[in-house]
Amino acid sequence: MSDLLLDIKNLTVSFVTDDGVIQAVNDLSFSVGRGETVALVGESGAGKSVSAMSVPRLVPMPPARIDKGQIFFKGKDLLTQDVKDMRKVRGREIGVIFQDPGTALSPLHRIGWQMMEAILAHRTLNDDEARKLAESWLSRVKIPDPAQRMNAYPFQLSGGMQQRVMIAMALINEPELIIADEPTTALDVTLQAQIFDIIREMKGKDSAMLLITHDMGVVYDICDRVLVMYAAELVEEGPTETVFENPAHPYTMGLLQSIPTLGKGRSKRLDSIKGQVPSPFNLPHGCRFHDRCPRAFDRCAKEKPGFVDISENHRAACFLLGDRGTRP
Ligand SMILES: Nc1ncnc2c1ncn2[C@@H]1O[C@H](COP(=O)(O)OP(=O)(O)OP(=O)(O)O)[C@@H](O)[C@H]1O
Ligand code: SF4
Ligand SMILES: [Mg+2]
């Protein structure tokens, strides 16, 4: 991982709401190397989307605020860039695939126009060249009759087709980093598999991807490394195979136990860990997982475990691993 593309250091993000302050991400540090595919997993509310969307600065501020941290992308801290510079980065160097195509596609414009806008915002091409490029990407994501579809409005396309258009738009400028936030959750299972095949095919060898998914089958199939988040914090990270074969944190063990057949086909959603995700207004002291952890002991409710290195690039924060580690 010497050639770092993204290097997040101690990122801490809160939301200021009428009911109080929510800590969405706490002291998160991780990096993504060029060409790597890295999964971000954890239950609903763990802070996955806020972490990932902080990179292209797509978390709305307010209500969000960055309390601490740095997000180095190609060596520059994105948190210190001005709006104009960020616009250049988004859609060009960083492409974002959302769960819901409605987030990225405007209902008011034909898809051809939207795709050409995405191209022309970042490149000096004439209209004809941009149109040809847009059409070629529609055919790459297997949209039939691309020239004709360029005239369609999003509502005239099925959900699966809209998702494919959005993927084409996110990738059309060949970004170095792709952020995909549950890109297939809204689709049926067959379509999900097709979309992942398309993303895998489209993602150039040199571009990296940060993928949020609840589907551990997909993580196993396509991700080089996996990051596990619980209650706004990273609890384990490591190479996918290592983490799947040798999970070190009891929370990761719980997540993995919810997979019926490891590496074969698609798995069900992650829901087999007993108890409730803690309220973000009232996060537990000590290890945030202690009230659900089958292996918790006295110390866990009082002190916060630091990270312990287990093997190369594999680390987790749990007292069972010893107490050498310190955060992050
Ligand atoms: N706009 C917002 N206003 C207030 N709180 C928010 C907002 N967006 C997210 N949060 C809170 O931030 C925390 C992290 O949310 P986030 O969306 O990152 O979770 P997630 O891991 O992506 O969950 P999911 O799997 O459901 O998408 C949650 O407690 C959530 O309620
Ligand atoms: S530190 Fe304690 S509560 Fe937390 S995961 Fe480890 S054993 Fe469980
Ligand atoms: Mg999310």
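The slack between R299 and D82, meaning 0.36 nm per residue of separation minus the straight C-alpha distance, is 73.7 nm. Toward the positive end of the charge dipole of the chain, about the Cα centre and with charges on Cβ (Lys, Arg +1; Asp, Glu -1), which of A296, N151, L79 goes farthest? So the residue we want is N151. The protection proxy used here, the mean number of other Cβ atoms lying within 10 Å of each residue, ranks peptides 87-94, 274-281 as follows, highest first: 87-94, 274-281. Extending 7 Å from Cα along the Cβ direction at E129 and again at D18 yields two label points whose distance is 5.2 nm. Determine the calculated [θ] at 222 nm for the chain from helices alone, applying -39500 (n - 2.57) to every DSSP H run no shorter than 4 residues and normalising by the residue count; nearest 500 deg cm²/dmol. Calculated at 222 nm, the ellipticity per residue is -8000 deg cm²/dmol. Placing +1 on the Cβ of every Lys and Arg and -1 on the Cβ of every Asp and Glu, with no other charges, gives the chain a dipole of roughly 180 debye about its Cα centre. The calculated FRET efficiency for Q70 paired with W113, based on their beta-carbon distance and R0 = 30 Å, is about 0.20.
Remark on G91: its backbone amide H falls under 5 Å from those of V96, a criterion applied only to residues 5 or more positions apart or on other chains, H modelled at 1.01 Å from N. Annotation: amide H-H contacts under 5 Å for V226 (H modelled 1.01 Å from N, sequence separation of 5 or more, or interchain): A39, G238, T240. Each residue of region 134-142 was assigned a 3J(HN,Hα) from its phi angle through the Karplus expression (A = 6.51, B = -1.76, C = 1.60, θ = phi - 60°), giving 4, 4, 5, 6, 4, 6, 4, 8, 6 Hz with x at Gly and Pro. For region 77-161, list log₁₀ I(q)/I(0) at each q in 0.16 Å⁻¹, using the Debye formula over Cα point scatterers of equal strength and ignoring solvent, two decimals each. Debye output, listed in q order: -0.69.
Straight-line reach from K132: taking Cα to Cα under 17 Å and skipping same-chain neighbours fewer than 8 places apart, the lysines in range are K142. Taking 15 Å as the cut-off, the amide N atoms of region 54-69 that come nearer than this to a point 7 Å along the Cα-to-beta-carbon line of S29 belong to 68-69. For region 117-225, the relative contact order works out to 24 percent when only alpha carbon pairs closer than 8 Å and six or more residues apart are counted. Extension gain for the segment A121 to S258, taken as residue separation times 0.36 nm less the Cα-Cα distance, is 44.9 nm to one decimal. Phi angles across region 110-124 convert, under the Karplus curve 6.51 cos²θ - 1.76 cosθ + 1.60 with θ = phi - 60°, into 3J(HN,Hα) values of 5, 5, x, 4, 5, 5, 5, 4, 4, 6, 6, 5, 10, 9, 8 Hz, Gly and Pro given as x. Within a straight-line Cα-Cα reach of under 17 Å, K76 can be paired with the following lysines, leaving aside sequence neighbours fewer than 8 residues apart in one chain: K9, K68, K84, K88.
Three principal axis extents of region 1-121 based on alpha-carbon atoms, in descending order, are 43, 41, 30 Å.
Taken together, the values in this text are just the output of simple stated rules run on the coordinates, not laboratory data. All of these numbers come straight from a predicted model, not from anything done at the bench. Note that each Cβ is placed from the backbone with ideal geometry, even for glycine, and that neighbours are counted across all protein chains shown.
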